[in-house]
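The values are calculated or read from the model by the stated rules, or taken from the named source; none is laboratory data. Since this is a predicted model, take the numbers as computed values, not measurements. Reconstructed Cβ throughout: ideal geometry from the backbone, glycine too, with neighbour counts over all protein chains shown. Surface accessibility is based on the protein's heavy atoms, side chains included, excluding ligands, DNA and RNA. Shrake-Rupley method; radii C 1.70, N 1.55, O 1.52, S 1.80 Å.
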Number of protein chains: 4
Amino acid sequence: MIHLDTLNSGSRQDFAAALGDIFEHSPWIAERAFAARPFPTVAALHDAMLAALDAASAEEKLALIRAHPELGGKVARAGQMADASRREQGALGLDRLSDAEFTAFQTLNAAYVKRFDFPFIIAVGRHTRASILGQLARRAANDRDTERASALREIGHIARLRLVAAVDGPGKPKTDGRLSTHVLNMVSGKPAAGVRVVLKEIAGDTQSVLRETVTNADGRTDEPLIGGGPLRTGWYEIEFHMGKYFAQEGVPTADPPFLDVVPIRFAIAEPEGHYHVPLIASPWSYSTYRGS
Amino acid sequence: MIHLDTLNSGSRQDFAAALGDIFEHSPWIAERAFAARPFPTVAALHDAMLAALDAASAEEKLALIRAHPELGGKVARAGQMADASRREQGALGLDRLSDAEFTAFQTLNAAYVKRFDFPFIIAVGRHTRASILGQLARRAANDRDTERASALREIGHIARLRLVAAVDGPGKPKTDGRLSTHVLNMVSGKPAAGVRVVLKEIAGDTQSVLRETVTNADGRTDEPLIGGGPLRTGWYEIEFHMGKYFAQEGVPTADPPFLDVVPIRFAIAEPEGHYHVPLIASPWSYSTYRGS
Amino acid sequence: MIHLDTLNSGSRQDFAAALGDIFEHSPWIAERAFAARPFPTVAALHDAMLAALDAASAEEKLALIRAHPELGGKVARAGQMADASRREQGALGLDRLSDAEFTAFQTLNAAYVKRFDFPFIIAVGRHTRASILGQLARRAANDRDTERASALREIGHIARLRLVAAVDGPGKPKTDGRLSTHVLNMVSGKPAAGVRVVLKEIAGDTQSVLRETVTNADGRTDEPLIGGGPLRTGWYEIEFHMGKYFAQEGVPTADPPFLDVVPIRFAIAEPEGHYHVPLIASPWSYSTYRGS
Amino acid sequence: MIHLDTLNSGSRQDFAAALGDIFEHSPWIAERAFAARPFPTVAALHDAMLAALDAASAEEKLALIRAHPELGGKVARAGQMADASRREQGALGLDRLSDAEFTAFQTLNAAYVKRFDFPFIIAVGRHTRASILGQLARRAANDRDTERASALREIGHIARLRLVAAVDGPGKPKTDGRLSTHVLNMVSGKPAAGVRVVLKEIAGDTQSVLRETVTNADGRTDEPLIGGGPLRTGWYEIEFHMGKYFAQEGVPTADPPFLDVVPIRFAIAEPEGHYHVPLIASPWSYSTYRGS
């Protein structure tokens, strides 16, 4: 990781070399942003690069869009992606699509590329696999101008994530989201400690477990359910094992208990947001809400 | 259906003939209850038959228990069940068990019969398939006295259901339960009309849809989700399609909406109870509880 | 009370005599509605009278407005109101205003009459005393056309209430509202029986008890908290004595208990609406909402 | 404030001088605790002093109890209280009792002193005025042994508060409680910013405003509603001005709005506890609970 001070004090050449891949194979954006030095914050550097992109010609913008690899396509397999692109796509598991997903993806993606003559670009680190497929289906129906704007907006998201990963210094732009929970026992009026909590990602009828943990003495999890990066737009379910909890606490209920595993299903729409999803429960009732 | 008046005024022979199968192949119970005529209510008749059973000798009780078919076993296949037994087992789908269920059932049932030397008896109309398997596993671990008492208790439940189906007249004992719901929109302060509601039965990881309906102008369903008979002890899930509802109502939310399909998972433990399971919802929060 | 059939079959003279005071001292409205006979429902009769008023000239409408007594003013004291007017004003206690209220009322009312040259008309049966004062203050600021429309709208409400009180028959227009409650104990999952419930009317800093009752076995009150007529627009508070209830039930809490008397304060805005205001409570939490 | 290190390293005389008034006019407790030096934490020092008290003879304990001034009595007026006692009683306003309160207090206090032959002792900093009167009434009915134990327990609370105020150093025993709130808007799914929040202390029918504030961008108050010391056991009400908030936000409601000022009334029973009392609200519903 390079420090902002180094970028602020070094040569134009070093600057462009260090930041040349923040925008895919397009060091000219870094070169143009160089003029605005020094940058007091990483966010200011990000803004300057976005401004350089914004001021570019239509042809330059289109060239930038076309410089991106086709998502999940041949290019990805041939190992010709920028290193950062490869990491991002791998993290999501786009290289581990099911056959049905792969077919849907290939069909939609081919139609997209044919229609717009440029690749489908999306900041994969901000989406679940299901959300990427959904976005692809939706955006394939846009008109060309709208979709060019979509591509540039996503490129901006990608650049922000890459910049934060590459440059150290004050005033980093926000790239982290957070999903947290809190369980409260309304029979005792106290935090519910020792509740098993399972976080799942939902994609249609399939669910995959992302995390299993147990609430601590304050009824929270020791770490956020998701944190340390953007949240992925998509569907989730938190399962709270309340039946076993109330049984352990000796709270009388029915047999079988009215509530056992309480599922809370919700979508994340803001990758940089804080989603607090608490459960206020008795053996016979519960409520949840988006907290902060 | 025979009327209570007819039973009250007819001969002992007719009485025993009409009620001979209320307790499986055991007309002697009806015969002994005959002495307590006239019965002001069907419930009083039921009580008198239970009293006759209670006063019987240990041998007679055991004979009654042994008069019952083995649940899902050879006898059931050979068509030797009392007609009422066949109807009850068919309704539950015990003749359509999955292979894994059938194997589990056979193993547990064989162990049960071997241990107690009498068949496993349960009022199947008051249980889901999963609940029957669960009860079988649990009761197989009881001691012999406890389990004899369990069998007689279940025989009483079966007799009550048969009696209510067979005899018309005043004061029937309660055999009906009810599951109802109500959806309220906390943005408008009004009942949520037009919400799709799907009721599922849960058995481990499998779910089967019992009912699909839509809320009416009062936010309720035109008929109870389940009614007209005992509820089956077991696990259920109601799915409320709130995302589409709020979209139709033009209520602004996120994209994707924080809440789309809201699942409420719960158990029914009282077959003759009223379970009211409402949903009080905004696009960002909801609560539910066991109402009445 | 006269029956709709009698009105439908009698003479014009009898018709006008019977309905002459439905609109204050203005039998001409009934006379004109007579032509639309026969009326299948009381609501249809009400509609015909409103249509006759709507079709009247501006002078006739103004004369009708001016035919009304000044609310709480000299005319009221001199006993010159139509009998129905007197009853309605008495029921509200406008003849028992506090000195401060009386002064405020007199000042506002005098300004109103001076500004518009007609009396302030309001269907008092649909408002609390505080709401009448609030409406007077607000409406005094309207322009003349708006206020003439307000007066006619209120006259329509008054006529509907008088018609329903005077004429028997099918299809009466809705004049009744209802306030109900329901208390549920979330420790037991059952209705909370035996909870003391106190209903108060709120006017600024003063509160007057309208009703004290206790919940029945279903957690409801045997009769609606308010019913049998329109609800009065205004502010209310229901106090639920939950501390004593949970103590009686032997539910462990703190000393003093976190919740004792739970106040729910709300406004009624629709006199003919159904306001269901439940309390879903544990010793440490509660929720309420406008139900239906 | 003296530092624990100074106490650990100084002479016995200095030690007793510095801590002689932690227990009212009773330096002997400090003197006996001196032997247990050095104390790693302030809490350990507190424990050692309590142990010295516990090991004292019945006569010494009674003498300590009797060394305390009569609460609100003649001694208080004559200025003969230990300085710390005076401050604690003044903070509560026991010198500003209403006439009725003063009479009730004098009567109960006189009866207490007559019955037990020692003064009524209570850690006033942990109680509201109403709670002190309630405790006096309740404890006056205890037997002598119970009440001697009550007095010693309260002396321990008082000593802890005095010690924390007098001695600096690591590991102070917990003396601070906290009351906080959080308001969430369930129409927007966001924290409710700009909500007026009024905290009142309740004593029977009278209420006194303790604090008026407004929620910040996170829906919380910038500082806890109460903090920086023990909470006073007693009754409170938080009023949330939701009607104005939703109007400012442009959320459509009724006229008048169903909810305007939402009162949440609750008791604090643990002076050193954290009471989090949130409001999850739409214009038609709300819920609250004891959070953490």
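Among residues belonging to the stretch A:105-134 that are in contact (Cβ under 8 Å) with a residue 60 or more places away in the chain and among the polar types (S, T, N, Q), point out the one that is nearest to residue A:236 (Cα to Cα).
Ranking the candidates gives A:128 first.
Across the stretch A:263-292, what is the total count of residues that are open to solvent by less than 10 Å² (accessible area, probe 1.4 Å), in a strand (DSSP E or B) and more than 7 Å from every other protein chain (Cβ to nearest Cβ)?
5
Could you count how many residues in the stretch C:112-147 are farther than 30 Å from residue C:39 by Cα, in a loop (DSSP other than H, G, I, E, B) and touching an Asp or Glu at 6+ places or on another chain (Cβ under 7 Å)?
Looking only at that region, the number is 2.
Within the stretch C:162-191, work out how many residues are open to solvent by less than 40 Å² (accessible area, probe 1.4 Å), within 27 Å of residue C:267 (Cβ to Cβ) and more than 14 Å from chain A (Cβ to nearest Cβ).
Residues flagged as open to solvent by less than 40 Å² (accessible area, probe 1.4 Å), within 27 Å of residue C:267 (Cβ to Cβ) and more than 14 Å from chain A (Cβ to nearest Cβ) within the stretch C:162-191 amount to 8.
If the requirement is being surrounded by fewer than 18 Cβ atoms within 10 Å (Cβ to Cβ) and at pLDDT below 95, which of these qualifies: A:55, A:104?
Details: A:55 fails: at pLDDT below 95.
A:104 is the lone residue from the list that is surrounded by fewer than 18 Cβ atoms within 10 Å (Cβ to Cβ) and at pLDDT below 95.
Identify, please: which residue in the stretch C:234-262 is assigned to a strand (DSSP E or B) and open to solvent by 10 Å² or more (accessible area, probe 1.4 Å) and is, among those, farthest from the other protein chains (Cβ to nearest Cβ)? Before you say what the answer is, go through the steps one by one.
Within the stretch C:234-262, the subset assigned to a strand (DSSP E or B) is C:234-241, C:261-262.
When the remaining residues are screened for being open to solvent by 10 Å² or more (accessible area, probe 1.4 Å), the result is C:235, C:239, C:241, C:261.
Details: C:235: 7, C:239: 9, C:241: 12, C:261: 6 Å.
The qualifying residue farthest from the other protein chains (Cβ to nearest Cβ) is C:241.
Looking at the stretch B:107-138, which of the residues that are within 18 Å of the chain's Cα centre (by Cα) and basic (Lys, Arg) is least open to solvent (accessible area, probe 1.4 Å)?
Here is the first cut: in the stretch B:107-138, the ones within 18 Å of the chain's Cα centre (by Cα) are B:120-136.
This time we only want the ones that are basic (Lys, Arg), so: B:126, B:129.
Numbers: B:126: 21, B:129: 69 Å².
Among residues in the stretch B:107-138 that are within 18 Å of the chain's Cα centre (by Cα) and basic (Lys, Arg), the one least open to solvent (accessible area, probe 1.4 Å) is B:126.
Consider residue C:148 carefully, then state whether it is out of contact with any Phe, Trp or Tyr (no Cβ under 7 Å at 6 or more places or on another chain), surrounded by fewer than 17 Cβ atoms within 10 Å (Cβ to Cβ), of a type outside the set (Ser, Thr, Tyr) and more than 14 Å from chain A (Cβ to nearest Cβ). Even if it seems obvious, please write down each step before you answer.
Working: out of contact with any Phe, Trp or Tyr (no Cβ under 7 Å at 6 or more places or on another chain): yes; surrounded by fewer than 17 Cβ atoms within 10 Å (Cβ to Cβ): no; of a type outside the set (Ser, Thr, Tyr): yes; more than 14 Å from chain A (Cβ to nearest Cβ): yes.
Spelling it out, it is not the case that residue C:148 is out of contact with any Phe, Trp or Tyr (no Cβ under 7 Å at 6 or more places or on another chain), surrounded by fewer than 17 Cβ atoms within 10 Å (Cβ to Cβ), of a type outside the set (Ser, Thr, Tyr) and more than 14 Å from chain A (Cβ to nearest Cβ).
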